[in-house]
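See below for the structure under consideration.
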Amino acid sequence: MTSLAVFRKSPKNADRLCHFLKPRAAHYQQCDVPGFPELTLVVWAAERTSTALFLKLAGDDFIAVTGTLFFGDKTGPDAARALYDSFDIKRFDWTDCSGQFVVLIGKAGQLHMANDGLGGWKFYSDTEGSFASSGFLEALLLKDRLSFNSQGVYEYVFTGFVLGEATFLNEITAVMPHHLLTWQDGAFRPVEKPTPLKATERNSATFDDMLELQLSALRNRFSKFARLQPDAVTSSVSGGFDSRLMIALFKETRLRPNLFVYGPDDDEDVPPSKALAAYFGLALNHIDRRTFTTPETLPTVADALYYFDGWKDDGLNGFEHDISDRQNRVKGATYMANGKCGEIYRHYYYQHVGSRGINLDAFVRSTFGRHIPQMVTSRFDRHVFDEGVTAAFRALTGFAGKRLSQSDLDFLYPKVRICHDAGRDVAVNHRFSHALYPFVEPELSGPALALNYDERLYGKLEAHIIAAIDPGLVNVPSAYGYDLLKGPGLAYRLKMAASYHRPSWLRTAVPALKTMVGRASAIDMDTLPEAQLIEDKTLPVMRHYFNMDSICDRQTASRLYALEMLAQYFGVMKD
């Protein structure tokens, strides 16, 4: 997939990008930015030459696109040209755009970089505004000096992402959602634009009204895929609501995706996925990672950086197979589809806060600040960390009060979850092909915000949406083990009630409590496959932040290796 970067002209930086990217890329283009001779532009494609999109237009005008852009139902160059024609910095509001993408537009003597409306594809700059980049890898390559941001390090290791505009490196910043970057007075500067995420007013709407509203929005969204070739898509599936909803809507749009599912035969997702494929008459590739054998030649550090854009949310977990696995997924397909973020129709944070709401600080600590105390060194200051997370959360969401309502929690899903937790997956999957994330759209999130607590509970309304599209589909077995229309039995409800009504202090303590109760033993870090990607296996830089002899969580260990790999490859310093 394409990525792009634009930066102040510097032979050293241009050579650095060229040296790393050009020998590996399917396509690599480097040139002066038309109309801005002080800037250099690099556009490249990792796997497929056809995904590198740069259109030179009248005069010095141009548009470059990375990702999957739809403008109405147009795709590719037609979508790019339509966006260019309609683009006006004074009124740009993303209304006609969909997909996940970053665009660089030179028009009428101005230069702007923007991403999709929900910020599903993050893009980057630095405090000096010396560059704008759709990839984190390019940002790494463009900086002469890098140092870790301790707040960002802890957030990433604990959760897999860093909230707001910070990253785990002091020198690289993420552009906040609904912001553009504009080249002005010799630097890229953020420009805030109105968010396209507009909550639909509920007023006196009934359940049936909500059903009709959501179904209409979904059908309108999926209608944009009508021009795609029926066999152009491959798609992951699971045993949940979102896979069957997505596949049912694909069927209405005449798409017949090849499906794939991960897990052993007895995994909760595998039997329902096989039943779903059989119901629709679609091919299913069942992949059991336990059968993978270690390849004779392991991916190198450069491979991991190149294909994972510098890092993944799960660290380097499974790196030895991940690249080839992703390549195999998209063979013979133009698009890889993913039902991620269909939780816009359900409860994601599993909390019932009632009429009083929940204390904002307590929610942030219990959601984004959970950790296992014995794994961090004495330099970790819990108070400073909590203040940092809360400040980033407030800046990101705009919440200024002390408490969050139930509707505020629903709002957090498109506002926080999509651009952070899901955003990295969007960028990495696009390394291998175009990708479709149909639920990651303002046009769906806005209407979904009108749903009430009961309509979200146990996927009640989503089940009725599925039944309205295909009545027989709700009878196909799911991973939940209950009738989707009737809802779960008492035992399941009691189990879930323990989560919905768990106090914040207990949520915060869960990781540590699980460790103590389970008496988890420390992981032998040297035995992990990730250890083969670093030279100094004592992890000297990460040891500054974490007690390596007390790491008892596999996910934590993999993220530590990811950061140590960056430290040793790029010479990243401790803060």
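The values are calculated or read from the model by the stated rules, or taken from the named source; none is laboratory data. Treat the numbers as computed from the prediction; the structure is a model and nothing was measured. Every residue, glycine as well, gets a Cβ built from its backbone with ideal geometry; the counts of neighbours run over all protein chains shown. Each accessible area value is taken on the protein alone, full model and side chains, heavy atoms only, with ligands, DNA and RNA left out. Shrake-Rupley method; radii C 1.70, N 1.55, O 1.52, S 1.80 Å.
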Exercise. Are any of the residues in the stretch 61-68 of a type outside the set (Val, Ile, Thr) and touching a Pro at 6+ places or on another chain (Cβ under 6 Å)?
Worked result: yes
Seminar exercise, completed: Looking across the stretch 229-277 at residues that are part of a helix (DSSP H, G or I) and among the small types (Gly, Ala, Ser), the single one that is nearest to residue 347 (Cα to Cα) is 243
Problem set entry | Any hit, the stretch 245-256, residues being open to solvent by 70 Å² or more (accessible area, probe 1.4 Å) and out of contact with any helix residue (DSSP H, G or I) (no Cβ under 9 Å at 6 or more places or on another chain) | yes
For this session: Filter the stretch 548-573 for residues that are in contact with a Ser or Thr (Cβ under 7 Å, 6 or more places away or on another chain) and either open to solvent by less than 50 Å² (accessible area, probe 1.4 Å) or modelled with pLDDT under 95 (or both) and give the result.
Result: 552, 572
Exercise. With the stretch 414-508 as the region, which helices (runs of 4 or more DSSP H) entirely inside it contain at least 1 residues that are hydrophobic (A, V, I, L, M, F, W, C)?
Worked result: 423-429, 442-448, 460-469, 490-500
Exercise. Of the residues that sit in the stretch 114-125 and are assigned to a loop (DSSP other than H, G, I, E, B) and hydrophobic (A, V, I, L, M, F, W, C), which one is surrounded by the fewest Cβ atoms within 10 Å (Cβ to Cβ)?
Worked result: 121
Problem set entry | Criterion: open to solvent by 40 Å² or more (accessible area, probe 1.4 Å), farther than 27 Å from residue 390 by Cβ and out of contact with any Leu (no Cβ under 7 Å at 6 or more places or on another chain) - qualifying residue of 322, 303 | 303
Exercise. What is the residue count in the stretch 331-346 for residues that are of a type outside the set (A, V, I, L, M, F, W, C) and open to solvent by less than 10 Å² (accessible area, probe 1.4 Å)?
Worked result: 2
Problem set entry | Residue count for the stretch 114-125, restricted to those that are under 13 Å from residue 183 (Cα atoms) and either touching a Ser or Thr at 6+ places or on another chain (Cβ under 8 Å) or without any contact (Cβ under 8 Å) to a residue 40 or more places away in the chain (or both) | 1
Exercise. Does residue 133 fit the bill of being touching a residue at least 60 places away in the same chain (Cβ under 8 Å) and farther than 23 Å from residue 223 by Cβ?
Worked result: yes
Exercise. Going by the structure shown, is residue 378 hydroxyl-bearing (Ser, Thr, Tyr), farther than 30 Å from residue 24 by Cβ, more than 25 Å from the chain's Cα centre (by Cα) and modelled with pLDDT of 90 or more?
Worked result: yes
Exercise. From the list 47, 38, which one is acidic (Asp, Glu) and within 29 Å of the chain's Cα centre (by Cα)?
Worked result: 47
For this session: Residues being open to solvent by less than 30 Å² (accessible area, probe 1.4 Å) and of a type in the set (A, V, I, L, M, F, W, C): count how many of those fall in the stretch 276-300.
Result: 5
For this session: Could you please tell me which pairs satisfy a Cβ distance under 7 Å, a separation of 6+ or placement on different chains, a first residue in the stretch 473-497 that is open to solvent by less than 80 Å² (accessible area, probe 1.4 Å), and a second residue that is of a type in the set (D, E, K, R) and in a loop (DSSP other than H, G, I, E, B)?
Result: 479/268; 479/269
For this session: Would you check which residues across the stretch 129-148 are within 19 Å of residue 168 (Cβ to Cβ) and in a loop (DSSP other than H, G, I, E, B) and list them?
Result: 134, 135, 143, 144, 145, 146
For this session: Quick one: in the stretch 81-113, of everything that is part of a loop (DSSP other than H, G, I, E, B) and free of Cβ contacts under 8 Å to residues at least 40 places away in the same chain, which residue is surrounded by the fewest Cβ atoms within 10 Å (Cβ to Cβ)?
Result: 90
Exercise. From the list 445, 407, which residue is in contact with a helix residue (DSSP H, G or I) (Cβ under 6 Å, 6 or more places away or on another chain), touching a residue at least 40 places away in the same chain (Cβ under 8 Å) and over 20 Å from residue 236 (Cα atoms)?
Worked result: 445
Seminar exercise, completed: Taking the stretch 347-367 and keeping only residues that are buried (at least 20 other Cβ atoms within 10 Å of the Cβ) and part of a strand (DSSP E or B), one is left with 358
Exercise. In the stretch 492-528, what count of residues is obtained for those that are modelled with pLDDT of 85 or more, β-branched (Val, Ile, Thr) and in contact with a helix residue (DSSP H, G or I) (Cβ under 8 Å, 6 or more places away or on another chain)?
Worked result: 1
Exercise. If you check 227, 219, which single one turns out to be open to solvent by 30 Å² or more (accessible area, probe 1.4 Å), at pLDDT 95 or above and not hydroxyl-bearing (Ser, Thr, Tyr)?
Worked result: 219
Exercise. Just for the stretch 368-409: of the residues that are among the hydroxyl-bearing types (Ser, Thr, Tyr) and open to solvent by less than 60 Å² (accessible area, probe 1.4 Å), which one is farthest from residue 200 (Cα to Cα)?
Worked result: 377
Exercise. Name the residues in the stretch 171-206 that are crowded, with 21+ Cβ neighbours inside 10 Å, part of a loop (DSSP other than H, G, I, E, B) and at pLDDT 95 or above, would you?
Worked result: 172, 175
